Amino acid sequence: MMIQWMLVTVILLPGSSTMDPEIVRELKDLLMDSVKNTVALNDLVTHQTQQISELMLTLSSTQTKLHRMEIKNQLLESQLAALRGDHDRLRNFTATLERRIGDVCDAANNGLAELDDKIIATNNKLVTLEDHVEDMNDEQDSLKISANDGLVEVLASLSTTNSRLATLESGIAGEIEAVKGKIQEMGNEVMIVSGEESNGGSGCAKVCSGTTGRGSTNWINHGDHIQLDVDISMCGFAKLPTITTTIEGGSYIYYLTGTSAIHCSSTSSFRIYLYLSRSYSNIYYKATSNNWNVEWIAVGHTC
């Protein structure tokens with residue numbers, strides 16, 4: 001703009017009165033047209049810059065973690081870099097145009113034509129980027145739908161598993177109640193055929209049962225397995241009893257091993273170790289959160 005006003009000043013200097021007035025008028029008109037074209041060009045560049053800024057804000061709000069979308073994001077970043085380069089070249093071209101405004105004929109027309117081509121190319125790139133953004137949004141919606149479908153399947157499978165667990169626990173509870181009823185019916189008519197030690201007196205055979213209790217069972221954590229020592233001293237056995245155990249509680253019981261394996265048994269206590277299937281982990285958390293406890297029956301002599 002400074003060069004334009006300098007040219008106008010030169011034309012209007014007193015010494016310029018010897019120039020042909022028609023030429024002076026044409027030069028003035030040409031300069032005014034160039035100024036208007038430059039202003040329009042600056043407005044257009046400003047508009048394009050705003051469009052690019054808005055597009056960058058739109059792109060920055062789109063996030064994804066999938067590999068294909070990361071590739072598309074990289075492609076978008078490359079295209080944005082190209083747009084920034086085009087924008088810089090447009091600014092450089094505008095500066096060059098201002099410096100060469102004295103050559104107001106062919107240079108101005110050729111520059112405007114070239115600028116139009118660049119603007120068309122920039123608009124085409126903007127349209128392409130908008131299409132990419134729309135495709136990514138569609139793909140993100142599709143992924144959300146797939147994730148929701150998968151969640152529905154998992155919930156349905158979990159519901160089926162819980163139903164099976166409830167049925168299994170109900171059967172175990174019924175069996176335990178049946179055993180307890182049978183023991184009650186037998187009363188003092190308990191016969192111990194054989195045991196770990198020699199039999200005691202015939203009149204001192206005893207059936208003793210109990211549970212470590214939901215929420216009161218103190219499991220010992222060994223990482224990949226858990227341990228529990230069960231106190232049976234209140235039964236008063238004088239000989240090593242025969243002990244039968246089962247595990248009662250919430251979920252995952254049917255994935256356990258070691259539920260009926262007795263270790264370190266004595267007249268006053270015994271120990272069990274529990275392991276969980278390899279497809280599951282953190283057995284200690286599952287034991288405490290699901291209130292696992294040991295229900296046991298011991299048969300032995302008290303004399």
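The values are calculated or read from the model by the stated rules, or taken from the named source; none is laboratory data. Keep in mind that this is a model prediction, so the values were computed, not measured. Positions of Cβ are backbone-derived with ideal geometry, glycine not excepted, and every protein chain shown enters the neighbour counts. Note: areas computed on protein heavy atoms with side chains; ligands, DNA, RNA excluded. Shrake-Rupley method; radii C 1.70, N 1.55, O 1.52, S 1.80 Å.
Determine whether the stretch 62-70 contains at least one residue that is touching a residue at least 60 places away in the same chain (Cβ under 8 Å), of a type in the set (A, V, I, L, M) and either open to solvent by 70 Å² or more (accessible area, probe 1.4 Å) or not in a helix (DSSP H, G or I) (or both).
Yes, because at least one residue in the stretch 62-70 is touching a residue at least 60 places away in the same chain (Cβ under 8 Å), of a type in the set (A, V, I, L, M) and either open to solvent by 70 Å² or more (accessible area, probe 1.4 Å) or not in a helix (DSSP H, G or I) (or both).
Restricting attention to the stretch 239-253, and to residues there that are assigned to a strand (DSSP E or B) and β-branched (Val, Ile, Thr), which single residue is farthest from the chain's Cα centre (by Cα)?
The residue in question is THR242.
From (1) out of contact with any helix residue (DSSP H, G or I) (no Cβ under 9 Å at 6 or more places or on another chain); (2) surrounded by fewer than 19 Cβ atoms within 10 Å (Cβ to Cβ); (3) under 25 Å from SER163 (Cβ atoms), pick out the condition that doesn't hold for SER233.
(3)
Restricted to the stretch 155-214, and to residues that are touching a His at 6+ places or on another chain (Cβ under 8 Å) and part of a loop (DSSP other than H, G, I, E, B), which residue is modelled with the highest pLDDT?
Among them, the one singled out is CYS204.
Within the stretch 44-61, restricting attention to residues that are open to solvent by less than 30 Å² (accessible area, probe 1.4 Å) and of a type in the set (A, V, I, L, M, F, W, C), which residue is modelled with the lowest pLDDT?
The residue in question is LEU59.
Conditions: (1) more than 24 Å from ILE120 (Cβ to Cβ); (2) open to solvent by less than 90 Å² (accessible area, probe 1.4 Å). LEU83 meets all but one. Number of the miss?
Result: LEU83 fails condition (1) only.
Just to verify a result, which residue in the stretch 103-122, among those that are touching a residue at least 40 places away in the same chain (Cβ under 8 Å) and within 49 Å of the chain's Cα centre (by Cα), is farthest from GLN79 (Cα to Cα)?
Among those that are touching a residue at least 40 places away in the same chain (Cβ under 8 Å) and within 49 Å of the chain's Cα centre (by Cα), it is LEU115.
Can you pull out the residues in the stretch 92-108 that are surrounded by fewer than 13 Cβ atoms within 10 Å (Cβ to Cβ) and assigned to a helix (DSSP H, G or I)?
Those that are surrounded by fewer than 13 Cβ atoms within 10 Å (Cβ to Cβ) and assigned to a helix (DSSP H, G or I): ASN92, ALA95, THR96, ARG99, ASP106.
Look through the stretch 266-303, keep the residues that are in a loop (DSSP other than H, G, I, E, B) and in contact (Cβ under 8 Å) with a residue 60 or more places away in the chain, and return whichever of them is surrounded by the most Cβ atoms within 10 Å (Cβ to Cβ).
TRP292
Identify, by number, the condition in (1) crowded, with 17+ Cβ neighbours inside 10 Å; (2) free of Cβ contacts under 8 Å to residues at least 24 places away in the same chain that ILE220 doesn't meet.
Failing condition for ILE220: (1).
Quick check on my filter: what residues within the stretch 254-286 are under 30 Å from the mean Cα position of the chain (by Cα) and basic (Lys, Arg)?
Across the stretch 254-286, the qualifying residues are ARG278, LYS286.
May I ask you to list pairs of residues, at least six apart or on different chains, whose Cβ atoms are under 6 Å apart, with the first in the stretch 30-46 being hydroxyl-bearing (Ser, Thr, Tyr) and the second being surrounded by 15 or more Cβ atoms within 10 Å (Cβ to Cβ) and at pLDDT below 85?
SER34/ILE101; SER34/VAL104; SER34/ALA108
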